[in-house]
Every structure is written in C-alpha cells, then in structure tokens.
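*Asks:* Sharing a structure here in structure tokens format.
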Amino acid sequence: MKNILLTLILSFAFLGCSAKTPEDKNIQAALVTGKSLAKLTLNDQFGKAHTLSADTTKVIFAFAKDTAHTCNDFFKTQKDDYLSAHHAAFIADVSAAPSLIRSMFIMPGLKELKHTVLLLEDKTVAAPYKKGLDINKIAVVFLKNGKIEKIEFISTAEELEKILA
C-alpha cells in the first residue's frame with residue numbers, strides 16, 4: 001500500500017513538472033526599459049499583499065530555483081531590514097512548481113526566512129516578467145520613479161552584494 005501511494009505521489013509530481021504550456025506570442029514583456037513597475041502588487045510568503053514603495057530603486061527577480069536559492073542564501077546572512085535599507089525588493093517565481101510541491105515544501109521553507117519574498121505564483125502572471133529574459137540568471141531591475149531605467153543580469157551572491165551596495 002505504501003508503494004502504491006508513493007508511486008501515485010511521485011507520478012503526480014512528475015506530471016506537474018512536465019506539463020508545458022505553449023508560450024503565448026501575444027504576451028508583452030513587462031521588464032522593458034521605460035515601463036512602469038509602480039503599481040506592481042504581489043503577495044509575500046505569508047500571503048500579505050505588497051505594492052512596490054515609491055522609494056524602491058532596485059527589484060531583484062529570481063525565476064529559477066538555483067537563482068532563488070542564491071538570493072535567499074545571501075539575504076539570510078544580512079540584517080532583517082537589508083532589502084528595505086537598500087531600497088530593494090526581492091521577487092521569486094514559484095509558478096513553475098507543481099502546487100503540491102509548492103504547498104508542502106517551498107512555502108514552508110520561505111516562511112522561515114526573515115526577509116520579505118514577493119511571489120510570482122501563477123504562470124499567467126509570471127509570463128510577462130520572464131518574456132525575453134535569461135531566466136537562469138538573477139535579473140536586477142533599476143527603477144527611477146517607478147519606471148525601469150535598466151536591467152542587469154548577475155549570477156553570484158558577490159555580484160548581488162556589489163549591485164545592492
């Protein structure tokens with residue numbers, strides 16, 4: 001009986017991981033120089049809605065598991081107010097994870113973190129933010145008055161520390 005249940009759970013997990021949605025050609029990229037992020041509102045790891053504050057000058061996006069771990073591991077070593085003190089926000093895309101994996105493993109792990117993690121939880125919401133980007137790198141979006149001035153791509157915690165300094 002245990003083997004049957006384990007097989008079913010693993011099957012559902014792999015089915016969820018392999019499910020592919022066709023890329024919608026009509027999606028417009030959200031992370032483009034000149035576009036505004038001023039009204040971007042996302043839930044954090046506790047389900048609380050956050051809108052980017054007017055003084056936010058950098059938004060860090062992690063679209064892949066490895067880049068999210070790089071960011072979270074770095075932020076764990078900093079003071080609790082590190083992101084706000086550096087006028088930054090951190091957004092992690094968890095939309096690709098199957099809902100079972102997300103609810104059983106990802107969200108409980110995120111709730112242990114002291115820093116705020118804004119979440120892209122839905123593939124439809126996440127798609128415009130990923131369009132045209134290298135999702136295997138950390139995207140750092142520089143804002144001025146809520147508008148995107150430039151985007152840089154980094155890979156390491158050292159680069160993240162330098163770019164936020």
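The values are calculated or read from the model by the stated rules, or taken from the named source; none is laboratory data. Everything numeric here is computed off the predicted structure, so don't read it as measured data. Using ideal geometry, Cβ is built from the backbone for each residue, glycine included, and neighbour counts are taken over all protein chains shown.
*Asks:* Taking segment 141-160, which residues are within 17 Å of the chain's Cα centre (by Cα) and assigned to a loop (DSSP other than H, G, I, E, B)?
*Replies:* Once the filter is applied, which keeps residues that are within 17 Å of the chain's Cα centre (by Cα) and assigned to a loop (DSSP other than H, G, I, E, B), segment 141-160 yields S155, T156.
*Asks:* Further question: Restricting to segment 118-130, what's the tally of residues that are in contact (Cβ under 8 Å) with a residue 60 or more places away in the chain and either crowded, with 20+ Cβ neighbours inside 10 Å or assigned to a loop (DSSP other than H, G, I, E, B) (or both)?
*Replies:* Of the residues in that region, 7 qualify.
*Asks:* Within segment 94-117, track down each residue that is touching a Ser or Thr at 6+ places or on another chain (Cβ under 9 Å) and either aliphatic (A, V, I, L, M) or assigned to a strand (DSSP E or B) (or both).
*Replies:* none
*Asks:* Cβ contacts < 8 Å: first residue closer than 23 Å to K35 by Cα and modelled with pLDDT of 95 or more, restricted to segment 140-165; second residue among the aromatic types (F, W, Y) and outside any helix (DSSP H, G or I), any location; separation 6+ or different chain. Result?
*Replies:* Hits for this filter: V140/F61; V140/F153; V141/F61; I148/F142; E149/F142; K150/F142; I151/F142; E152/F142.
*Asks:* Okay, next question. Which residues, counting only those in segment 92-136, are closer than 23 Å to T77 by Cα, in contact with a strand residue (DSSP E or B) (Cβ under 6 Å, 6 or more places away or on another chain) and among the small types (G, A, S)?
*Replies:* A92
*Asks:* Let me ask you something else. Do we have K137 as of a type outside the set (S, T, Y), exposed (fewer than 15 other Cβ atoms within 10 Å of the Cβ), touching a Ser or Thr at 6+ places or on another chain (Cβ under 7 Å) and at pLDDT 95 or above here?
*Replies:* In short, no.
*Asks:* Output the number of residues of segment 140-165 satisfying the condition of being surrounded by fewer than 14 Cβ atoms within 10 Å (Cβ to Cβ) and among the small types (G, A, S).
*Replies:* 1
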